[in-house]
1. Can you say whether Thr56 is touching a residue at least 24 places away in the same chain (Cβ under 8 Å), under 27 Å from Met335 (Cβ atoms) and in a loop (DSSP other than H, G, I, E, B), as far as the supplied structure shows?
2. Anything in the range 212-249 that is of a type in the set (Asp, Glu) and either buried (at least 20 other Cβ atoms within 10 Å of the Cβ) or more than 30 Å from Ile125 (Cβ to Cβ) (or both)? List them, or say none.
3. Quick one: in the range 171-195, of everything that is free of Cβ contacts under 8 Å to residues at least 40 places away in the same chain and either among the acidic types (Asp, Glu) or touching a Gly at 6+ places or on another chain (Cβ under 7 Å) (or both), which residue is farthest from Gly230 (Cα to Cα)?
4. Within the group Ile14, Ile6, Ile40, which residue is under 15 Å from Cys334 (Cα atoms), modelled with pLDDT of 95 or more, in the same structural domain as Tyr95 (by TED's automatic domain parsing) and of a type in the set (Val, Ile, Thr)?
5. Just to confirm my filter: which helices (runs of 4 or more DSSP H) fall fully inside the range 320-396 and include at least 1 residues that are of a type in the set (Ser, Thr, Tyr) and touching a residue at least 24 places away in the same chain (Cβ under 8 Å)?
6. Given the criterion touching a Cys at 6+ places or on another chain (Cβ under 8 Å) and surrounded by fewer than 24 Cβ atoms within 10 Å (Cβ to Cβ), identify the matching residue among Ala297, Ala317, Ala313, Ala304.
7. Can you confirm whether the range 78-89 contains a residue that is among the aliphatic types (A, V, I, L, M), in contact with a strand residue (DSSP E or B) (Cβ under 8 Å, 6 or more places away or on another chain) and part of a loop (DSSP other than H, G, I, E, B)?
8. Filter the range 250-286 for residues that are surrounded by fewer than 20 Cβ atoms within 10 Å (Cβ to Cβ), part of a loop (DSSP other than H, G, I, E, B) and not charged (D, E, K, R); which is modelled with the lowest pLDDT?
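The values are calculated or read from the model by the stated rules, or taken from the named source; none is laboratory data. Computed from a predicted structure; not experimentally measured. Heads up, the Cβs are rebuilt from the backbone with ideal geometry, glycines too, and the neighbour counts pull from every protein chain shown.
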Amino acid sequence: MTKRTIVSMPGDGIGATVLPEAIRVLDAVGFEADYVHADIGWEFWCKEGNPLPQRTIDLLEKHKLGLFGAITSKPKAEADAELDPALRDQGYVYYSPIVAMRQHFNLDICARPCQSFPGNPLNFIRRGADGGVEEPKVDVVVYRQNTEGLYGGVEWTNPPDQVYDALMTHPKFVKNFGSVPRADLAVSTRIFSRAATTRIMRAAFEHAQKFGYKSVTVCEKPNVIRETSGMMLAIGLEMQKEYPGIDLWNTNIDAQMMWLTKNPEDYGVIVAGNMFGDIISDGFAGLVGGLGFACSANIGEEVAVFEPTHGSAPKYADYETSIVNPIAMILSACMMLDHIGETEKATRIRQAIAEVVAEGEVRTYDMMKLRGSQQALEQGAASTTEMTDAIIAKLK
């Protein structure tokens, strides 16, 4: 088998901490690859006006596979203030590099597994009917449309003439916003295309069929957002005819956020647009240990990038001994292995993680429910490196 080259994008904050830990695990399981560093993140916005430099795009176009750590994103005013003074007032606008990457390579399918490990003290528990404590098994995979919707970037403050005139053709806009001064209007669009919506629905049904899930749930809001959510539901209803053994459920995002803590074990594959998929995947991640266990894949027709869903957590990045949980990043690397057909190695790593979690002898500060500080190590929490070492030990 040809040796792979993986584009390594640590990014900001703890991304530069956890990504090398995942590579250590990949090495330990016997996955042979070359890793080429690529620049991405806040540093490159500040000094170059571009958090996703063309040289990084070129590397991904060449090698097709990427492991990504985390990025720091800040609101417009803060981003402008931190830009190199020599670059200000030259038309540079900050835009999330991970969103830009998804759109450039059309990484339109985002998969986010949320699966509980037995023995994890952070797993969701509830009170049973008999007054006892229950710990339902959570095994959900969220399929999130990754390039459209509210994260599509089509938005304006003080919309230009053509946009404003078009909006004024809609009677509800005229009624509710027609008297608002144009300079006081901020408009963000939510655009779904039939092709991309069909692709994400197909990916959800295919995953359910391949891995034996009994249901696919469309988690949107078609009773209110009738055009976009309605399109996704309509496509799902039609497509379900091709998968007669899989039920199609329809839940509203607000109700689903309530139900996920009532009966999470009832759900299998969930599919949603960009914003609602982001929300519901974080909600289910909270049931299986939080963002320290939340992995994801961004998959296009040619390029795929794998990342934990946690942020850059800059307050932890400068600790003398890192305390952050590397498991989300390691699980993201497992998703990469699955994607390229190295399923045996991915399974071995997941089993090693499961054994470490079940034994409970090595736990990071979040697993011990401690405050995130250096003092957590003195209270018995494992460092980032110690957690990785424990996982590697189970691979040998």
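1. Here the answer is no, as Thr56 does not meet what is asked.
2. Glu220, Glu227, Glu238, Glu242
3. Once the filter is applied, the top-ranked residue is Asp184.
4. None of the others qualify; the one that does is Ile6.
5. Those helices (runs of 4 or more DSSP H) span 327-339, 384-395.
6. Testing whether each residue is touching a Cys at 6+ places or on another chain (Cβ under 8 Å) and surrounded by fewer than 24 Cβ atoms within 10 Å (Cβ to Cβ) leaves just Ala297.
7. Looking for residues that are among the aliphatic types (A, V, I, L, M), in contact with a strand residue (DSSP E or B) (Cβ under 8 Å, 6 or more places away or on another chain) and part of a loop (DSSP other than H, G, I, E, B), one finds none in the range 78-89, hence no.
8. Thr261
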